[in-house]
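Each remark here refers to the structure printed beneath this line.
The values are calculated or read from the model by the stated rules, or taken from the named source; none is laboratory data. None of the values given here were measured: they were computed from a predicted structure. FYI the Cβ positions are ideal-geometry reconstructions off the backbone, even for glycines, and counts take in every protein chain you see. Only protein heavy atoms, including side chains, enter the accessible area calculation; ligands, DNA and RNA are left aside. Shrake-Rupley method; radii C 1.70, N 1.55, O 1.52, S 1.80 Å.
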Amino acid sequence: MATKAPSGRGLRVRVKSKGLKASSTRWLARQLNDPYVAEAKAKGYRSRAAFKLIELDDKFHFLKPGARVLDLGAAPGGWSQVARARVGPKGSVVGADILDMEPIGGVHVLKLDMMAQEAPAAIREA
């Protein structure tokens, strides 16, 4: 399942910089005009990073049906969404992050500091 990259041409959004630092204005302009951000939103992915994982898996085929996946630093969950779809119902996906994350169907989400002593046991349990 090859994913076609979104087209880079389209309407440009101009950001009004009143009250924003120049770096914040530039970041916001890039975000609002990024075709991958728009495509991720249209396809229901939580982040544009989902396309990076799709591209990597299409090339190297490491997300096999039935696999067990641990997504470290999972928030906001774009990679966990892709992993869940690719490993299928017989696979399992655990998403762990120190940040809060909204639940994802079929993904066991852990709010967890990986440096904490209880982290390995929590991951094994999940």
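Here the convex hull built on the C-alpha positions of the range 12-68 has a volume of 123 cubic angstrom per residue.
When only C-alpha pairs under 8 Å and at least 6 residues apart count, what is the relative contact order of the range 4-126, in percent? All intermediate terms of the calculation are to be shown ahead of the outcome.
Values: 162 pairs, mean separation 19.5, N = 123.
For the range 4-126, the relative contact order is 16 percent.
Working from label points 7 Å from Cα in the Cα-to-Cβ sense, the Leu28 to Leu99 distance is 1.9 nm.
For the range 80-126, the relative contact order is 31 percent, taking Cα pairs closer than 8 Å that sit 6 or more residues apart in sequence and dividing their mean separation by the residue count. Cα-based radius of gyration for the chain, normalised by 2.2 N^0.38 Å, reads 1.24.
Whole number in Å², please: accessible area per residue of the chain, 1.4 Å probe, ligands, DNA and RNA not counted. If you can, show how the numbers build up before the last one.
Values: 9010 Å² over 126 residues.
Each residue of the chain exposes 72 Å² on average to a 1.4 Å probe.
Other residues lying with their Cβ under 13 Å from the Cβ of Arg84 contribute a combined charge of +2, Lys and Arg counting +1, Asp and Glu -1. Taking Cβ atoms as reference points and 14 Å as the exclusive limit, the residues near Gly44 contribute a net charge of +3, counting Lys and Arg as +1 and Asp and Glu as -1. Secondary-structure-derived ellipticity at 222 nm for the chain, considering helices only, amounts to -11500 deg cm²/dmol, per-run term -39500 (n - 2.57) for DSSP H runs with n ≥ 4.
Among Lys18, Lys52, Lys111, which one moves the most in a GNM of the chain with springs linking Cα atoms closer than 10 Å? Between Lys18, Lys52, Lys111, it is Lys18 that shows the largest mean-square fluctuation. Full extension of the chain between Phe62 and Asp113 yields a length gain of 15.8 nm, computed as 0.36 nm times the residue separation minus the alpha carbon distance. Evaluated at q = 0.16, 0.25 Å⁻¹, a Debye calculation over the C-alpha positions of the range 61-124 (equal weights, vacuum) places log10 I(q)/I(0) at -0.47, -1.01. For Asp71, the residues 5 or more places off, or on other chains, whose built amide H falls under 5 Å of its own are Val94, Gly95, Ala96.
Kindly work out what percent of the DSSP beta bridges joining two residues of the chain are antiparallel, to the nearest 5.
Working: 1 of 11 bridges.
Looking only at bridges with both residues in the chain, the antiparallel portion is about 10 percent.
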